[in-house]
C-alpha cells in the first residue's frame, strides 16, 4: 500500500512530465493532499495551480518546453544538474538503472535520472531508506540547482519546483545514515 508521501511523489512526477489532459486534475489532487499535511508546499503549489487554470493547454505545453527542454540550466535530469555531461553522470545513470532493476522498477522511455522518473521510483519503492537517500542526496540538491537556473520572478514552474522542494524537505529524515543507493556526490565531485 502506498503512503501519502509516495502518492504525492507520483503526483509531482506527473506534474514534471510533459503536460497532458490530466495535468490540471493531478495538480488539484496534489494540492488537496498537501493542504493539511504540508501547508508550506501547498502554498507554493497554488501558484502553479493558478497558472494552469489561467492558461490554455497549448500555452502550458509551450512554457514547459521552453523551460525544461530549451534552457540547459533547467534540464530536469538529476545527474546532469549535479555532474554535468560527464563520465560521472554516466556512472550515476548506470547505478540508477541497476537500482531500478533490483527493485523491479521500469524507468520507461526517459533516462533514469529524469526528475519525474526518480520521483516515480520514490513513489513506488517500498524501501524507505532507499527513498530517503535518493531524496536527500539526489533530488534536493538537483532541485536547488534547477531553481537557481530558472528566472526567480513569476515563472510558474518555480512555484511547482518550490512546492516539491518544500514537500521533500518536510518528508526526508535528515538524521538517517544510509548507503543503499548510488550517491551522485560520490560520482560528481
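Given the options 50, 129, 166, which has the most mean-square fluctuation in a GNM of the chain, springs set between C-alpha atoms less than 10 angstrom apart?
Of the options given, 50 has the highest mean-square fluctuation.
Choose one answer from 116, 86, 136: the residue with the largest mean-square fluctuation in a GNM of the chain with alpha-carbon springs under 10 Å.
Maximum among the listed residues: 86.
Compute the Rg to Rh ratio over region 64-122 from the alpha carbon atoms, using the Kirkwood formula for Rh, and round to two decimal places. Don't skip to the answer; put the middle values down first.
Details: Rg = 11.7 Å, Rh = 11.9 Å.
Rounded to two decimals, Rg over Rh is 0.99.
Could you tell me how far the Cα centroid of region 140-169 sits from the Cα centroid of region 61-114, in Å?
After rounding, the separation between the Cα centres reads 17 Å.
Tell me, in nm to one decimal, what length is gained between residue 145 and residue 65 on full extension, where the rule is 0.36 nm per residue of separation less the Cα-Cα distance?
Numbers: separation 80, 0.36 × 80 = 28.80 nm, distance 1.83 nm.
This chain segment gains 27.0 nm when fully extended.
Given the alpha-carbon gyration tensor of the chain, what are the semi-axes of its equivalent ellipsoid in whole angstrom, ordered largest first, with each equal to the square root of 5 times an eigenvalue? If you can, show how the numbers build up before the last one.
Working: eigenvalues 125, 74, 45 Å².
Semi-axis lengths for the chain are 25, 19, 15 Å.
With everything on Cα atoms, drop me the angle between helix 23-37 and the longest principal axis of the chain, reported from 0 to 90° to the nearest 10.
Around 80 degrees separate the two axes.
Using a Gaussian network model of the chain whose springs link C-alpha atoms within less than 10 Å, name the residue from 55, 11, 114 with the highest mean-square fluctuation.
In this elastic network of the chain, the residue with the biggest mean-square fluctuation among 55, 11, 114 is 55.
Can you compute the helix-only [θ] at 222 nm over the chain? Use -39500 (n - 2.57) per DSSP H run of at least 4 residues, normalise by all residues, nearest 500 deg cm²/dmol.
On the way: 11 runs with 120 residues, N = 189.
The helix contribution divided over the chain gives -19000 deg cm²/dmol.
Taking a ≥ b ≥ c as the square roots of the eigenvalues of the Cα gyration tensor of region 1-59, is the shape rounded (a/c under 1.5), prolate (a/b larger than b/c) or oblate?
Values: a/c = 2.63, a/b = 1.41, b/c = 1.86.
The shape class here is oblate.
With labels modelled as points extended 7 Å from the Cα through the Cβ direction, what inter-label distance (nm, one decimal) is found for residue 2 paired with residue 73?
Going from the residue 2 label point to the residue 73 one covers 3.4 nm.
For residue 85 and residue 129, what does the FRET efficiency come to when R0 = 25 Å and r is the distance between their Cβ atoms, rounded to the nearest 0.05? Each step should come with its number before you reach the end.
Numbers: r = 30 Å, r/R0 = 1.20.
Efficiency for this residue pair is about 0.25.
Where a number appears in this text, it was derived from the coordinates with a stated rule and is not lab data. What you see is a predicted model, and the numbers here were worked out from it, not measured in a lab. We place every Cβ from the backbone using ideal geometry, glycine too, and count neighbours over all the protein chains shown.
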